[in-house]
Structures are given as C-alpha cells and as structure tokens.
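A short write-up of the structure that comes next.
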Amino acid sequence: MTTTQQIRMIPSQQLALPRSIYIEPTSRCNELCQQCPRTFLSREEDRDLTYDEFRAIVDQFPVLDRVVLHGLGEPLLNKDLPKMVRYLKRRGTYVLFNSNGTLLNEKRGQALIDAGLDEYRLSMDGATREMYARVRGVDAFDKIWRNMRAFIDMQKQQDAQKPAVSLWFTAMRENLQDLPGLIRIAAEVGIKEVYMQRLVYFEVGLAASKQSLFRRATYDELTLIQECEQLCKELGITFSAAGSATPLESVLRDFGERPWSGCKRPYSLTYITSSGNVLSCCFAPFGHRSAREYREERVLGNIFEESIEQIWHGERYAAFRQAFESDHPARHCAQCGLNWSY
C-alpha cells in the first residue's frame, strides 16, 4: 500500500492539517484575460486580504512548507505582499506567486528581493504586442518586458539568487505559434525556465474546448512543441509543463476512466480566497455557472468564521473527500484530467 493510499484511509477528522496552501492576497486584477474565470464567471467581490487577516490565517497552520500567494487576482495589487512574503520566510516557508508583471517596478521588485521571495512566475501568453492584447485583454506587452529586463538586471547587479524567475505560457490554438518567439525573448532577457500550461476551458471567450490542445493537438502542433523543446535545449532553457509531465506528454497523456483519482490535493492542500472562503484547490473556481453554485458546491467553509481545524476536519470537507473517492466527485474534480492536468 502506498503512502497516498494510506493517507486516503485516514478519517477526515484525523487528517493532519495541510503543509501546502494557496492564499489569495487579492481578488482584484488589472487585466481582462480572455481565458480566465475571473473575466467571465461569477466570482467573489473584489477585496484585498489585510496583513492582519493574512497572519490570522497562516498562524493556524503549525507547519507550512510551501505557500502560493496567488489566485484569481494580481498579487502585486496588494501593497502588503512583501510583508506577507517576509513573514512566511521567517517561518522557513517556500514562497512563490504568479504575476502578470505590469506592476513590477523597481520599488516593488526590490521589496520582493529583500523579503526573500523564492519564485516569481511571469504569466505571459503571447510573443507580440498584438497577441498579448488579444489573450490578456490589455495592451501591456512592452511595459511588462521593460519591467522584467529591469528586474533581472537589478538581480544581477546585486548578485541576488532569489527569486527564481520563470515564464508560464497558457497554450492554445490561438497563440501556440507564438511560443518559439516567446522562448527567444525569455532567453534574451535572462529567464532560464519556461513552462507550458494546458488550457482550462469552460466554453466562454478563449476558454473553449476548440482552443484546447489536450488530446486534440494536430501533427503540426505537436511538431511545434517538439521544436520548442529543441530550441530550449539550444538556448539553455528548462522547458517543462505544469505538474510532472513534459510539455509534449502534457497534451497527450491519458488519465484513464477515473481521471481525477490520481490527485492528492483533497488530502494535502487547501486554497483560501481573499474573502476567507476555503476551496479544495486552485481549479475549484473554474466552470461554475452561478454564485450560488460556486457557494454550494465548492466552498468548504470560511476561515474568518471557523478555524481551519474545524473546516479541514468538518462535514463538508468529509463529504467532498467521500465523493472524490466515488464515481461521482464534485464537478470540478470530475473534469480535472479531462480539461486540464493535476
């Protein structure tokens, strides 16, 4: 019996609290991405997590190995983000977040370096100003690359090894042809890691099944991904996919008859929104039709109303895990592995 199987046999009320969590510093954003649920689906009200609220949340977890400080918002919009990073680093936690790069000016960049941020992940979905505006909904391409060049130059001048900077690309039929050019830009700027993410779709905007490459990629599209792998080798860039697969494997992989079953998140991770709602993972905000459905099916508790101990060991989480182990899991779990990977 594997460790994962053993953990799944533990009753919900006896599971250890997660050591890896997502926290949304803000639900606000300054972009209108055409593949993002924040742009098209019902969502929570815009708000920033206060520093006191943040501390009240993380102090409930005895051990935090890894904290991801992003969700459905741009983390740098929260002015207290560097303080949050610093607080977690004092606990020995590995800290990272994804960002669109529009706000990464010299002051914010220096604050993140000083705070000890481990990873800065740039979300970048086009190699031209026109494609970026098409996918992300704003004309910010040139500004972002000015910011990134200045930030990486500042790191070099200070011999700052952290944060590690990587580029995260959401691959769609719309923009796949831009990936080689984006890899070249990354190399020129000094970014050493590029990740190709699969599209999460919910049939609105660019988040449509016809845009997805997962088990739909043509021969030419698969060839282009292979060419990007070779290009990265030549340029000394690590080319990966989200999760443990290679980019090519990530669009070809067969998850079997119960595609959600390989996921460990229900037992090892939780996601906390800026409003304090506790969700099972970062995919839970995708695909719901209404605020009521989101609340009833996906929200497992609110950390401003109950402790994480009560929520993690409570009836709603227990019911969610029980459904997860059946043939009828929550909708966002049933679709995971079909529309995207864990």
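The values are calculated or read from the model by the stated rules, or taken from the named source; none is laboratory data. A quick note: this is a predicted structure, and the numbers were derived from the prediction, not measured. Positions of Cβ are generated from backbone atoms using ideal geometry, with glycine treated the same way; all protein chains shown enter the neighbour counts. The protein model used for the area step is the full one, side chains on, heavy atoms only, and it has no ligands, DNA or RNA in it. Shrake-Rupley method; radii C 1.70, N 1.55, O 1.52, S 1.80 Å.
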Restricting attention to the range 218-242, the residues that are modelled with pLDDT under 95 and farther than 14 Å from Phe169 by Cα number exactly 0
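What is the residue count in the range 119-138 for residues that are aromatic (Phe, Trp, Tyr) and in contact with a Leu (Cβ under 8 Å, 6 or more places away or on another chain)?
Taking the range 119-138 first, the residues aromatic (Phe, Trp, Tyr) are 120, 132.
Applying the additional criterion that residues be in contact with a Leu (Cβ under 8 Å, 6 or more places away or on another chain) yields 120.
So the count comes out to 1.
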Just to check your reading of the model, which residue among Ala291, Ala330 is farther than 24 Å from Asp48 by Cα and among the small types (Gly, Ala, Ser)?
Ala330
Residues of the range 249-306 being open to solvent by less than 30 Å² (accessible area, probe 1.4 Å) and more than 27 Å from Arg47 (Cβ to Cβ), in sequence order, are Ser250, Val251, Phe255, Pro259, Trp260, Cys263, Tyr267
Failed item in (1) in contact with a strand residue (DSSP E or B) (Cβ under 8 Å, 6 or more places away or on another chain); (2) surrounded by fewer than 21 Cβ atoms within 10 Å (Cβ to Cβ); (3) over 21 Å from Asn30 (Cβ atoms); (4) not β-branched (Val, Ile, Thr), with Arg216 passing the rest:
(1)
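Please specify each residue of the range 194-211 satisfying the condition of being among the hydrophobic types (A, V, I, L, M, F, W, C) and either open to solvent by 30 Å² or more (accessible area, probe 1.4 Å) or touching a residue at least 24 places away in the same chain (Cβ under 8 Å) (or both).
First, pick out the residues of the range 194-211 that are among the hydrophobic types (A, V, I, L, M, F, W, C): 194, 196, 199-200, 202, 204, 206-208.
Val194, Met196, Leu199, Val200, Phe202, Val204, Leu206, Ala207, listed by residue number.
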Quick check, is Leu77 over 20 Å from Phe304 (Cβ atoms), in contact (Cβ under 8 Å) with a residue 40 or more places away in the chain and touching a Pro at 6+ places or on another chain (Cβ under 6 Å)?
no
Assess whether Leu32 counts as being closer than 26 Å to Asp125 by Cα and exposed (fewer than 15 other Cβ atoms within 10 Å of the Cβ).
yes
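Is it the case, given these coordinates, that Thr102 is among the β-branched types (Val, Ile, Thr), touching a helix residue (DSSP H, G or I) at 6+ places or on another chain (Cβ under 7 Å) and surrounded by fewer than 17 Cβ atoms within 10 Å (Cβ to Cβ)? It would help to see each step written out before you state the result.
Values: among the β-branched types (Val, Ile, Thr): yes; touching a helix residue (DSSP H, G or I) at 6+ places or on another chain (Cβ under 7 Å): yes; surrounded by fewer than 17 Cβ atoms within 10 Å (Cβ to Cβ): no.
No; evaluated as a whole, the condition is false for this residue.
Answer yes if at least one residue in the range 79-98 is in contact with a Ser or Thr (Cβ under 6 Å, 6 or more places away or on another chain) and in a helix (DSSP H, G or I), and no otherwise. Break it down into steps so the answer makes sense when it comes.
Of the range 79-98, the ones in contact with a Ser or Thr (Cβ under 6 Å, 6 or more places away or on another chain) are 98.
Subsequent filtering for residues that are in a helix (DSSP H, G or I) retains none.
The answer is no, given that none of the residues of the range 79-98 is in contact with a Ser or Thr (Cβ under 6 Å, 6 or more places away or on another chain) and in a helix (DSSP H, G or I).
In the range 139-146, is there at least one residue being assigned to a strand (DSSP E or B), within 19 Å of Cys36 (Cβ to Cβ) and open to solvent by 10 Å² or more (accessible area, probe 1.4 Å)? Full working, then the answer.
To start, the set of residues in the range 139-146 that are assigned to a strand (DSSP E or B) comprises none.
Among the residues of the range 139-146, not one is assigned to a strand (DSSP E or B), within 19 Å of Cys36 (Cβ to Cβ) and open to solvent by 10 Å² or more (accessible area, probe 1.4 Å), which makes the answer no.
Quick one: how many residues across the range 119-138 are in a loop (DSSP other than H, G, I, E, B) and open to solvent by 10 Å² or more (accessible area, probe 1.4 Å)?
Residues of the range 119-138 in a loop (DSSP other than H, G, I, E, B): 124-128, 137-138.
Add one more test, that the residue is open to solvent by 10 Å² or more (accessible area, probe 1.4 Å), and what stays is 127-128, 137-138.
Of the residues in the range 119-138, 4 are in a loop (DSSP other than H, G, I, E, B) and open to solvent by 10 Å² or more (accessible area, probe 1.4 Å).
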Are there helices (runs of 4 or more DSSP H) fully within the range 223-342 with at least 2 residues that are under 17 Å from the mean Cα position of the chain (by Cα)? List them.
247-252, 265-268, 331-335
May I ask you to say which residue of Ala56, Ala16 is among the hydrophobic types (A, V, I, L, M, F, W, C) and part of a helix (DSSP H, G or I)?
Ala56
Would you confirm whether or not the range 21-30 contains a residue that is in contact (Cβ under 8 Å) with a residue 24 or more places away in the chain, more than 21 Å from the chain's Cα centre (by Cα) and not in a loop (DSSP other than H, G, I, E, B)?
no
Just one of Val251, Val200, Val204, Val278 is of a type in the set (Val, Ile, Thr) and at pLDDT 95 or above; which is it?
Val278
So for the range 155-176 (the condition being in a helix (DSSP H, G or I), within 23 Å of Gly73 (Cα to Cα), among the polar types (S, T, N, Q) and open to solvent by less than 60 Å² (accessible area, probe 1.4 Å)), does at least one residue qualify?
no
Selection count where residues are open to solvent by 20 Å² or more (accessible area, probe 1.4 Å) and part of a loop (DSSP other than H, G, I, E, B), scope the range 59-78
7
One residue is enough: does the range 33-56 have a residue meeting the conditions touching a strand residue (DSSP E or B) at 6+ places or on another chain (Cβ under 7 Å), modelled with pLDDT of 95 or more and among the small types (Gly, Ala, Ser)?
no
